[in-house]
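What follows is a set of notes on a single structure, which appears directly below.
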Amino acid sequence: MAPIGRLPAAVALGTLFNPLNSSMIAVALASIEAEFHVGIAAVTWLAAGFYLAGILVPPVMGTLADRLGPRLVFCAGLVTMAVTGVLAALAPSYPALVGIRLLQAFGSCATMPAGMAIVQAVMPGEDGRPPPRVIATISMVLTASAAAGPVLGGFLVSLWGWRAIFLVNVPLAAVALTAALRWLPKVRVDGAKHTLLPRLRPGLLATCGQFALVNVVFYAAFFVVPLWAQRSAGLPAHIAGLLVLPMAGLAIVMTPVAVALAARAGMRTVLVASAALLLAGSCLVPAVGPVWLVLVAAGLLGVASALSQFGLNSLVFVHADRSETGVAVGFFQSSRYVGAATASTLLGVLFGGGGMGRSGWTMAAVSAVVLVGGTLLPVRRPAPAATGGDRSGP
């Protein structure tokens, strides 16, 4: 593998921790609740607290990457993941576990903005975006790791208990850190303004808002399906996690399709197709009962995930200033957890009050808003910053 090909691989390895740990916790909540006797309302803070930190921390990590150097921040995040993995596995009480989980959020939020700042500095594209294959690779890992979280978490909880979902970060972080130290160059983003937030261009704000709404739907599915499977269908944790496996598999398979679709039909088509599939999958959730229907709904959401992750991640580089790549990507990452936090906050009301029916129709309503947004979201640079040509391609 050529060195230039190793760079995206190293960044992708580092960025998988945030989405993986954000969704893997879903199948462990019941076991943690039972061990510490804290109740469902309290135990959901393990998810909600992580998401709230995920909203606030990424722009700060992006600023540090732009100021101190992204490679340093990237590696520090991986070290934090390894240390918190051990500490969480040894947590003697629920308050201690919550505190360690928040520290884990800091580590996992560092790698994405720092990694993309390195990519943008080393592999800039003519239209402001890195090569589509690089964005596709990283998007594929982000989407697949988020969707695979409940699957991996289910098996870990079934085999070794809930502490294993934290301990698994240790070997993963060791591999990612080795790759980062060998393959990531030391770069500094010239001319960074060192502000907490990037210039709030309308296109960047719209892209982040769309991503937040998309993640309300995805994270609602990540939590509602395993909870339904364990509480209503009586399935064990590892089987409950498998029900969202189509989301992970199709997120991987369909990302190259998203690249090809953008090249052929433009980024607008990618966004609209993603939203339409999101709506279709959400509309099936209220009818869930047969397992095959759960798998169909998860499959539709998986395809939508691949298209939206690639499309919206690409647009960040179109609408952000190159000197502020780290903080812009951090702001984009925060929007993921605006959606995730919203979904986890609504979880008790939606699932407790109406089960899959109320949850599904809420997902469908949000998906309808996403569909409208997909038709209106700007996919080109603002005219003063444009260098000519259609920005809707890959």
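The values are calculated or read from the model by the stated rules, or taken from the named source; none is laboratory data. No experiment lies behind these values; they were computed from the predicted model shown. Every residue, glycine as well, gets a Cβ built from its backbone with ideal geometry; the counts of neighbours run over all protein chains shown. Accessible surface areas use protein heavy atoms only, side chains included; no ligands, DNA or RNA. Shrake-Rupley method; radii C 1.70, N 1.55, O 1.52, S 1.80 Å.
Using the Cα centre of the chain as origin and beta-carbon charges of +1 (Lys, Arg) and -1 (Asp, Glu), tell me which of 306, 202, 345 is placed farthest towards the positive end of the dipole.
Farthest towards the positive pole: 202.
Of 22, 269, 53, which is farthest towards the positive pole of the chain's charge dipole, taken about the Cα centre with +1 and -1 on the beta-carbons of Lys, Arg and Asp, Glu respectively?
Positive-end residue among those listed: 269.
Counting just the Cα atoms, what span does the chain cover along each of its three principal axes? Round to the nearest Å and put the largest first.
Per principal axis, max minus min of the Cα coordinates gives 57, 41, 37 Å.
Once every Cα of region 270-344 carries one equal point scatterer and solvent is ignored, give the base-10 log of I(q)/I(0) from the Debye formula at q = 0.21 Å⁻¹, two decimals.
Each listed q corresponds, in turn, to -0.97.
Rounded to the nearest 20 Debye, what is the dipole magnitude of the chain about its Cα centre when Lys and Arg each give +1 and Asp and Glu each give -1 at the C-beta?
Charge dipole, the chain, about its Cα centre: 600 debye, nearest 20.
Quick one: compute the contact order of the chain, relative version, from alpha carbon pairs under 8 angstrom and 6+ residues apart, as a percent.
Relative contact order comes out at 27 percent.
Of all accessible surface on the chain at a 1.4 Å probe, what whole percent is carbon and sulfur?
Answer for the chain is 72 percent, counting heavy atoms of protein chains only.
At a Förster distance of 22 Å, what's the computed FRET efficiency of residue 159 paired with residue 34, Cβ-Cβ distance as r, to 0.05? The partial results should precede the final answer.
Working: r = 17 Å, r/R0 = 0.77.
Calculated value: 0.85.
Among 151, 225, 369, which one shows the biggest mean-square fluctuation in a GNM of the chain, springs joining Cα atoms closer than 10 Å?
369
Between 373, 239, 287, whose Cα lies farthest towards the positive end of the dipole of the chain when Lys and Arg beta carbons carry +1 and Asp and Glu beta carbons carry -1, centred on the Cα centre?
Toward the positive end, the furthest listed residue is 373.
Excluding residue 181 itself, calculate the net charge of residues whose Cβ lies under 15 Å from the Cβ of residue 181, where each Lys or Arg counts +1 and each Asp or Glu counts -1.
So the environment of residue 181 carries a net charge of +4.
Expected output is a single nm value to one decimal: the length gained when fully extending between residue 41 and residue 253, i.e. 0.36 nm times separation in residues minus the C-alpha distance. What is it?
Working: separation 212, 0.36 × 212 = 76.32 nm, distance 3.65 nm.
That works out to 72.7 nm of additional length.
Between residue 103 and residue 295, 0.36 nm times their residue separation minus their Cα-Cα distance comes to what? Spell out each step's value before the answer.
Details: separation 192, 0.36 × 192 = 69.12 nm, distance 3.44 nm.
Full-extension gain reported as 65.7 nm.
Within region 62-96, find all residues whose amide N lies under 12 Å from a label point positioned 7 Å from the Cα of residue 186 along Cα-to-beta-carbon.
Inside the label zone: 69-72.
Place the peptides 10-23, 206-219, 165-178, 305-318 in order of packing, highest mean first, counting for every residue the other Cβ atoms within 10 Å and averaging per peptide.
Working: 10-23: 26.3, 206-219: 24.5, 165-178: 19.4, 305-318: 28.2.
The peptides rank, most packed first, as 305-318, 10-23, 206-219, 165-178.
Pop out the ³J(HN,Hα) list for region 144-153 in order, Karplus 6.51 cos²θ - 1.76 cosθ + 1.60 with θ = phi - 60°, rounded to Hz; leave Gly and Pro as x.
5, 5, 5, 6, 7, x, x, 5, 4, x
Report, in cubic angstrom per residue, the convex hull volume of the C-alpha atoms of region 66-188.
Cα convex hull per residue, to the nearest whole number: 110 Å³.
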